[in-house]
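Reading through the structure tokens given below for one structure.
Values quoted throughout were computed directly from the atomic coordinates according to the rules given, and no laboratory measurement underlies them. Keep in mind it's a predicted model, so treat the numbers as computed, not measured. Every residue, glycine among them, receives a Cβ derived from its backbone with ideal geometry; neighbour counts consider all protein chains shown.
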Amino acid sequence: MREDKGMDAADMGTDLQQVLISREEIESRLDDMAEKIDADYAGKDLLLVGVLKGAVYVMADLSRRLRRSAPMDWMAVSSYGSGTKSSGVVRILKDLDTDLTGRHVLIVEDIIDSGLTLSWLLGNLTSRGAASVRIATLLRKPEAVKVEVDVTYVGFDIPNEFVVGYGLDYAESYRNLPFIATLRPEVYGG
Ligand code: PRP
């Protein structure tokens, strides 16, 4: 059987510039986040909402650390217009299957960049009658923020650099790296 190690930096040839956050650091931080979530939602009916596709890995690894039942649902969203996320206008590509009325919702994300997606999602999910809506994100880029979003659980604040791995892609590649890394600018034409 193949060991559950996944790729390492050497498997990426020369594409990677630097490993910013190692697999071990991610796992240890997810332990802390799960402990806080368990304590904060004790006795409450929690629904995890993941945002495709980047949140797949955080959702899988965070939810498995919770010592409680935590149903999950998924949304896929996209920005209107040019494909940049700066418009703040979001289109729902796949909506939730779950009625949020009276539910305690925890949005699970891989990264908050400008904050526009999460700001919109918070408003949208709150308007559906949820009892509460909070956010858990593995990564946040404070220097890139365009709109302040109240985030309850943050894994790591990172510099405003283009990062890949652990769900984050460049042109759909690199999502399955088990760590967070920067790409050499030559790879993405930067
Ligand atoms: C990423 C991330 C957030 C959003 C954050 O998703 O998962 O949803 O961008 O950016 P913002 O704070 O500037 O709004 P992306 O649109 O890259 O889709 P993906 O998860 O399918 O890669």
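Sequence gap at least 6, Cα distance under 8 Å: using those rules, report the relative contact order of region 69-156 to the nearest whole percent.
Answer for region 69-156 is 26 percent.
Can you run phi through the Karplus equation (6.51, -1.76, 1.60; θ = phi - 60°) for region 120-137 and list ³J(HN,Hα) in whole Hz, with x for Gly and Pro?
Values per residue, Gly and Pro as x: 5, 5, 4, x, 5, 6, 5, 5, 8, x, 5, 5, 7, 9, 10, 10, 10, 9 Hz.
Hey, what's the Cα Rg ratio for the chain versus the globular rule of thumb, 2.2 N^0.38 Å?
Its radius of gyration relative to the 2.2 N^0.38 Å reference: 1.03.
Just to be sure I understand: of the beta bridges DSSP finds with both ends in the chain, what percent are antiparallel, rounded to 5?
Close to 35 percent.
More than 16 Å apart: what percent of Cα pairs in region 44-136 qualify?
Within region 44-136, distances greater than 16 Å cover 52 percent of Cα pairs.
³J(HN,Hα) across region 54-66 via Karplus (A = 6.51, B = -1.76, C = 1.60, θ = phi - 60°), whole Hz, x for Gly/Pro?
Coupling constants for region 54-66: x, 7, 4, 6, 4, 4, 4, 7, 6, 5, 6, 8, 6 Hz.
Taking only C-alpha pairs under 8 Å that are 6+ residues apart, what is the relative contact order of the chain in percent?
25 percent
What's the exposure ranking of Val89, Val133, going from fewest to most Cβ atoms within 10 Å?
Lowest to highest Cβ neighbour count: Val89, Val133.
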